[in-house]
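The values are calculated or read from the model by the stated rules, or taken from the named source; none is laboratory data. Keep in mind that what you see is a predicted model, and the values were worked out from it rather than measured. Glycine gets a Cβ as well: all are built from the backbone with ideal geometry, and neighbour counts include every protein chain shown. Note: areas computed on protein heavy atoms with side chains; ligands, DNA, RNA excluded. Shrake-Rupley method; radii C 1.70, N 1.55, O 1.52, S 1.80 Å.
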Amino acid sequence: MGGAKLHAHHVAELVRRGDLSAYEHVCQILEKIERIEDKVRAYITLIPDIALEKAKEVDRKVEKGKRLGKLAGVVLAIKDVISTKGIPTTCGSLMLQDYIPPYDATAVERAVAEDAIIIGKTNMDEFAMGSTTENSAFGPTFNPWDLSRVPGGSSGGSAAALAAGEADISLGSDTGGSVRCPASFCGVVGLKPTYGLVSRYGLIAYANSLEQIGPLTLCVRDCALLMEVVSGHDPRDSTSIPTEPKKYQDVLEKGVEGLRIGVPEEMIGEGVDPLVAKEVWRAVDTLSELGAVCEETSLPSLEYSLAAYYVIAMSEASSNLARYDGVRYGFRAPDEGMDWSSAYSKTRRLGFGPEVRRRILLGTYALSAGYFDKYYLKAMKVRTLIKRDFDEAFKRFDVLASPTMPILPPKIGEKVADPLSMYMCDIDTVPANLAGIPSISVPCGLVDGLPVGFQAMAPPLGEELLLRVGYALESQVRLYERIPVV
Amino acid sequence: MRVLVLGEERSRIKLIDEETVRHVAWLARLEVLDDEVEGFVEQFNRILDYFRKLDEAETEDVEPTFHVLNLVNVFREDEPFPPISPQEALKNAPKSERGFFKAPKMV
Amino acid sequence: MSEKVVIGLEVHCQLTSLKTKLFCSCPSNYRGREPNTLVCPTCLGLPGSLPVLNQKALEYGLMVALALNCKIPKRTMFFRKNYFYPDMAKNFQISMFDRAGGAPLGYDGYVTLAVGGTQKLVRIRRVHLEEDPGRLVYPGTIDTAPYTLVDYNRHGVALVEVVTEPDFESPKEARAFLQKLRSILEHLGVFDGGLEGAMRCDANISIAGGARVEVKNIGSFKDVERALTFEIMRQKQLLAKKVAVVRETRHWDGERRITVSLRTKEEEYDYRYFPEPDLVPVEITEEMLDQIKARLPELPDARQKRFVSQYGLPGYDAMVLTSDKALADFFEKAVAAYGKPKVVSNWLMSDVLRCLNEYNLEIWESKLTPEHLVEMLKLIDEGVISGKIAKNILWDMVSSGKSPKQIVEERGLTRIADEEYLRKLVDEVFKENPKAVEDALSDEKAIHFLVGQLMKKTRGRADPQLANKIIREKLASK
Ligand SMILES: [Mg+2]
Ligand SMILES: [Zn+2]
């Protein structure tokens, strides 16, 4: 297919109808990967043989007239933080470079059950800690829109793979914006679901109380499609909401007429690149023209959200990452003659990269004797304030809108030197994680050929609202018709 | 080039010193080399200083939100499920012996 | 030197009646299994795995809390206790904690103990659930092994931890408490104390004038008395030499039977507790508690009272019998078959317990069955064996498990009541002891001697009354 790339829902339909061979389709994508992957470096692991085998299986099913799943023949790229049985899952870390999970994450299991074809595991900031995909033990991923720039992070590989046409659809994870940030920087759609809507079973934990697996897709319909597949209750995750998946695709065309959309001034004012803000305001105007009622509003406690987010994330991370000691799995430093304590310390120093070490140490400090109240507990209380602000706001608005990222994709190397300035980029994405509410990023324009993401947030389980808003906006912007030329 | 506003500048009190960094590194079993300590001290003080933003939030009588969901009492039946095979369990182990994982010596 | 000793205990008991572990569905019967054959992503701490709480474990935990007369919180949650150790798969333990909205499953409870004829109240500070670590194997000893082997089969098995206030004044009291705790847990049906390592405890010991010392790794309740006695002696010797007892954690080495220093206060763990984000809170409703209360079986204290009222046993006997569930069950089975509770109780309290003690066995470990004990009592009643012989064969019954009839037959121990045969033997005795026969006419002592000689000839089997009668008759006819 020349021109615009096929979207996943198209692929599935064509394959089901027998109008597109899954095998041919996978071959085409593999050719694309062959051609450009050297420049983009979206993947850590590629599994072409397994993918082609699975494609043949799908084609055989079509031939035999068997029932096919919702993702029939759809080429799926999975962020390397999500466990895949028999396929290395590295978390972008030296620590796990040889780790092969003996089980599938629930989300993976569900996608495969719907006949998706896994093509590989995508690059990411080590253990999902970062907003640029530069903190990967396997080197950075490059933004297909401008190879000198970062794709965003931490699911940068997923977003770049989609933007570059190296996959149809992707699963990422979002702890403080890690799906939405790269979606924004790479001009694709990214959704962070309501906390508890998608099972975390098999998602390698960074900050458990904040994160969700979320779809990255080329369009909003694909996003709805993937949500239909991966959402819903899972008894293996105690924090999974007991709910059935909804038919998200059915609501897309409902429009935004009469929807009340609030724009929190804290998210679009100071610190936001005026060029970005301009594109986002333009999107708000578009929605108004479509019948939405848009208004500026304020959520005062958002000013604490970044600090609260980082305290919580680092604290939880320090505990989650304690298990990497080189005994059961993962990297192990030579430890001849060393006692366990020194051996662990050495293994962990050599196995983790600088940003991971920084967060583990800070998190350990924040939880240590005498500081629990000052940091973790305080952050959890602030979280209550933020949640309350959202609850209040959602009495007046159906949806809240903002830029996804306050800036355009930075140059490679621009942010790594100064961690704090990298943290600042998450200012607009972390509130949704703190409040556990769903949030979507949809491309809303280009500035100097670089994509800008429009973020919408809804009350818990308000994914349908977000998909409606996103669909309406994307139908006007039609950015998905433009593909970066790598 | 834009400048991100970090919130108002707070007084820079040194919250953490070298000894604290070393102690925390021990707690976390995460070696910090001598020539790294100073860098960590500097970075951590900047970041912790930013975290002091939280002090400004009025949280008296505010309950913490450890879980955003209102879920309670999620249980599992006491019914066994077949374990994974020992081969599979040990497959990823850097060192193993006679079905055991091999850890470093104790002392 | 009679400085007051203060002891508190932290007891970890496996909920051995559960089929699966606390947070995963792996079978929990790990004993005697090949290493790492009862593991899954969750109990191996694999990246991405998640815990899900075993409902029955929570119910059992609440049963224990109720049985220890604890207050029950309305709501609680699990916390992570963060520390590194090679027996840990995640390098944190999911446990319970009582700050920031957390609470143990039970708190402010008590247990009554019979100590030296009086009742003593031991206060229970808290009862909570947590996961058992894995098992470490050292090729050689802990301090010389060049590496450590780890088996995670035990990792994640449900533990209930019972923490007492420092209410014990002697190692004996501590042991009595463990005995009672075990009996309570066994009556609840949640625990089998006979399984190796099912009950392990840590103790806090201080002597007036010294700091508090924690002794870890006391592997069985048989060991608790030894460990505490050693530690008290060590501290007293220090105090006598005017050397300060420092606050520290010591390790009980059961083989060398000493405590060794592990770490001092300065190196103490900083557990960095925080609520486990992968589990949701537990709400303990009134209905839940009512259901559990309704299902609580008879507990040792109630059973003790019933033994007094139903069987007319002295309070002390009832206390001893019910301090061990297996012993109490044994007693009731025997009484059901035989009646005469006081007779059964006397045998159990004296000869049976002495015999078990000697063999260092517990009643359920021994081969003695209530059926056999009853059979033995009936043999006495029927005059087949004497009480003395019964005491004798009891040892065999305990160690070999043979029935008393079989033992009596094999060893030819039935009582000889054949008058003609005994007369013949008496004639022999008289012939062999002419001097005694002379004396016997005037000296009662000599008669006893002759009876003794007859008994010797029959290895104690002669019916004593009949023997007496024949000897006196024969003497009279001289
Ligand atoms: Mg404990
Ligand atoms: Zn398990």
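Observations, loosely collected:
- The long axis of helix B:34-51 is offset from the longest Cα principal axis of chain B by roughly 70 degrees.
- Projected label points at C:Gln55 and C:Glu409, each 7 Å from Cα along the beta carbon direction, are separated by 5.4 nanometres.
- Region A:110-180-region C:1-35 distance, computed between alpha-carbon centres (Å): 45 Å
- Per-residue surface analysis assigns C:Asp98 an accessible area of about 80 Å², computed on protein heavy atoms at 1.4 Å probe radius.
- Cα-based Rg and Dmax for chain B, where Dmax is the largest Cα-Cα distance (Å): 23.3, 61
- Placing +1 on each Lys and Arg Cβ and -1 on each Asp and Glu Cβ, with no other charges, gives region B:12-52 a dipole about its Cα centre of roughly 360 debye.
- Ligands, DNA and RNA aside, C:Asp301 has an accessible area near 60 Å² when probed at 1.4 Å.
- Alpha-carbon centroid distance for the pair region A:400-439 / region A:264-323, whole angstrom: 8 Å
- Relative protection proxy for B:97-104, C:49-56, A:428-435, from highest mean packing down: A:428-435, C:49-56, B:97-104 (other beta-carbon atoms within 10 angstrom).
- Taking 0.36 nm per residue of sequence separation and removing the Cα-Cα distance, the C:Lys242/C:Asn433 pair yields an extension gain of 61.7 nm.
- Association of chains C and A removes close to 2900 square angstrom of accessible area from solvent, both sides included, for a probe radius of 1.4 Å.
- The accessible-area ordering, largest first, of the residues A:Trp145, C:Trp395 stands as C:Trp395, A:Trp145, per a 1.4 angstrom probe.
- Of C:Trp364, C:Trp252, the order by accessible heavy-atom surface (1.4 Å probe, DNA, RNA and ligands excluded), from most exposed downward, is C:Trp364, C:Trp252.
- Stokes-Einstein diffusion of the protein assembly as shown at 37 °C, 0.692 mPa s viscosity, Kirkwood radius from Cα pairs, rounded to a whole number: 100 µm²/s.
- FRET efficiency for the pair A:Asp98 and B:Arg98, taken as 1/(1 + (r/R0)^6) with r the Cβ-Cβ distance and R0 = 25 Å, rounds to 0.70.
- Å² of accessible area per residue within region C:298-411, as computed with a 1.4 Å probe and no ligands counted: 47 Å²
- Test item: A:229-238 mean partner chain Cβ contacts at 10 Å: 4
- Per-bin percent of Cα-Cα distances, region C:5-292 [5 Å]: 1, 5, 11, 16, 18, 17, 15, 9, 5, 2, 1, 0
- For region C:5-292, the carbon plus sulfur part of the accessible surface works out to 50%, probe radius 1.4 Å.
- Heavy-atom SASA rank of A:Glu336, C:Glu214 (probe 1.4 Å, accessible area, largest first): A:Glu336, C:Glu214
- Where B meets A: accessible area buried, both sides, 1.4 Å probe, Å²: 6200 Å²
- Over chain A, the reciprocal of the mean inverse Cα-Cα separation, the Kirkwood hydrodynamic radius, stands at 22.1 Å.
- In the context of the full protein assembly, B:Thr20 retains an accessible surface of approximately 40 Å², using a probe radius of 1.4 Å and ignoring ligands and nucleic acids.
- With both labels modelled 7 Å from their Cα along Cα-to-Cβ, the A:Glu481 to C:Arg423 distance reads 13.3 nm.
- Accessible area of region C:120-224 divided out per residue, in Å², using a probe of 1.4 angstrom: 31 Å²
- Helix C:286-295 axis, angle to chain C major axis (alpha carbon atoms, nearest 10°): 20 degrees
- Neighbours of A:Ala160, meaning other residues whose beta-carbon lies under 12 angstrom from its beta-carbon, give a summed charge of +1 when Lys and Arg score +1 and Asp and Glu score -1.
- A simple count of charges around C:Arg461, restricted to other residues whose Cβ falls under 12 Å of its Cβ and scoring Lys, Arg +1 and Asp, Glu -1, yields +4.
- Averaged over the residues of C:86-95, the number of partner chain Cβ atoms lying within 10 Å of the residue Cβ comes to 4.
- Chain C: angle of helix C:300-311 to the longest principal axis, Cα-based, in degrees nearest 10: 30 degrees
- Region C:80-95 - phi-based ³J(HN,Hα) in whole Hz, Karplus 6.51/-1.76/1.60, Gly and Pro as x: 9, 9, 8, 7, 8, 6, x, 8, 9, 7, 10, 6, 8, 10, 7, 9
- Assuming charge only on the beta carbon of Lys and Arg (+1) and of Asp and Glu (-1), the dipole of chain B about its Cα centre is about 720 debye to the nearest 20.
- Each other residue within a Cβ distance under 14 Å of A:Phe372 adds +1 if Lys or Arg and -1 if Asp or Glu, for a net charge of +3.
- Accessible area per residue for region A:1-120 is 42 Å², calculated with a 1.4 Å probe on protein heavy atoms, without ligands, DNA or RNA.
- Compared with the alpha-carbon gap, the fully stretched path from C:Ser477 to C:Thr141 is longer by 113.1 nm at 0.36 nm per residue.
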